[in-house]
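> Sending over a structure as structure tokens; questions will come in a sec.
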Amino acid sequence: MFTVQHHEKVGSTNDEARRLAEQGAPHGTVVHADEQIAGRGRLARAWYSPPGNLYLSILLRLDMALARLPELSLLTAVAVADTVDALLPPRTRAALKWPNDVLVDGGKIAGILVEHVHDATIIGVGLNVLHAPHNVAYKTSTIVGSKGMASVDTARDLLLARLQAHLAVWQTDGFGPIRDAWVARAHPIGTPLRAAMGNHIAEGLFAGIDPDGALLLDTPEGRKRVVAGDIAPIT
Ligand code: BTN
């Protein structure tokens, strides 16, 4: 299903995939780069992208409503978490933090950036195999630092296989099974969370994910849906 285009160095694999989408590249086109010099993260942040990690963007042409984009983002997080588990020693398990951070030992090991351009969906994934950024406000982790296998190509192939499997489930059975797999890797229901949405902060107890992929928080004012922002457990 996937055709991989490999580059030594690009600005951003998401930008490269966007360019290919504009030129009519087919469903399943994958851009993989050893290094990015303008890697992008969520909320217009830069993504640290030296050689030694996985940087990948997958172009999908799906007949779906734009409102379903968050489902794909959570689906990708589950596929990345499966991949991380397969690369780490037995019984080490990746956890998920909404919307799509993949964590090992509480440190962010991967990031996901889903974009929609010219009737195509682009799923960008960065996975810290050898290196993690310094000078960031959050804890980080890497595959190698977690005693895992240091092969970027193995990571890429595992990820594409897991994505293909979860996409097939999503297309036949809908978002339900993906949502269950996501929630099984997240903090337990009832965990106190703080959601930062721009200048607005909401605090409440984690109540799961709704059928559209929004985070549910039980706050003193009632149940709130969080559709964008940063989440942190309240300690
Ligand atoms: C995040 O902020 O957590 C998302 C990071 C996404 C990074 C990946 S690396 C491959 C692809 N190309 C980019 O420029 N960004 C994504």
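Throughout, read-outs are computed from the coordinates displayed, never taken from laboratory work. As the structure is a prediction and not an experimental result, all values here were calculated from the model. Neighbour counts run over all protein chains shown; Cβ positions are idealised from the backbone, glycine included.
> Mind grabbing the base-10 log of I(q)/I(0) for segment 102-235 at q = 0.13, 0.17, 0.20 Å⁻¹? Debye formula, identical points on the C-alpha positions, no solvent, two decimal places.
-0.72, -1.19, -1.41
> Using θ = phi - 60° and the Karplus form 6.51 cos²θ - 1.76 cosθ + 1.60, what ³J(HN,Hα) does each residue of segment 103-109 get, whole Hz, x for Gly and Pro?
10, 10, 6, x, x, 6, 10
> Against the 2.2 N^0.38 Å scaling, with N counting residues, where does segment 48-107 land? I'd like the Cα-based Rg ratio to two decimal places.
1.30
> Which lysines have a Cα lying under 24 Å from the Cα of K139, excluding residues fewer than 8 positions away in the same chain?
K139 reaches K97, K108, K147.
> Please list 3J(HN,Hα) in residue order for segment 32-49, calculated via the Karplus relation 6.51 cos²θ - 1.76 cosθ + 1.60 where θ = phi - 60°; whole Hz, with x for glycine and proline.
Coupling constants for segment 32-49: 10, 10, 6, 8, 10, 9, 9, x, 10, x, 5, 6, 6, 8, 7, 10, 4, 9 Hz.
> Among all helices in the chain defined by DSSP H, which have a length of 15 Å or more along the axis from Cα atoms plus a Kyte-Doolittle mean of at least 1.0?
Long hydrophobic helices here: 69-87.
> So how strong a dipole does segment 22-154 carry about its Cα centre when Lys and Arg Cβ are +1 and Asp and Glu Cβ are -1, to the nearest 20 debye?
Dipole about the Cα centre, nearest 20: 500 debye.
> Hey, with R₀ at 41 Å, roughly what FRET efficiency would Q164 and V227 work out to, going by the Cβ-Cβ distance, to 0.05?
For Q164 and V227, the calculated efficiency is 0.90.
> Counting every Cα pair in the chain, what percent are over 24 Å apart?
Of all Cα-Cα pairs in the chain, 42 percent lie more than 24 Å apart.
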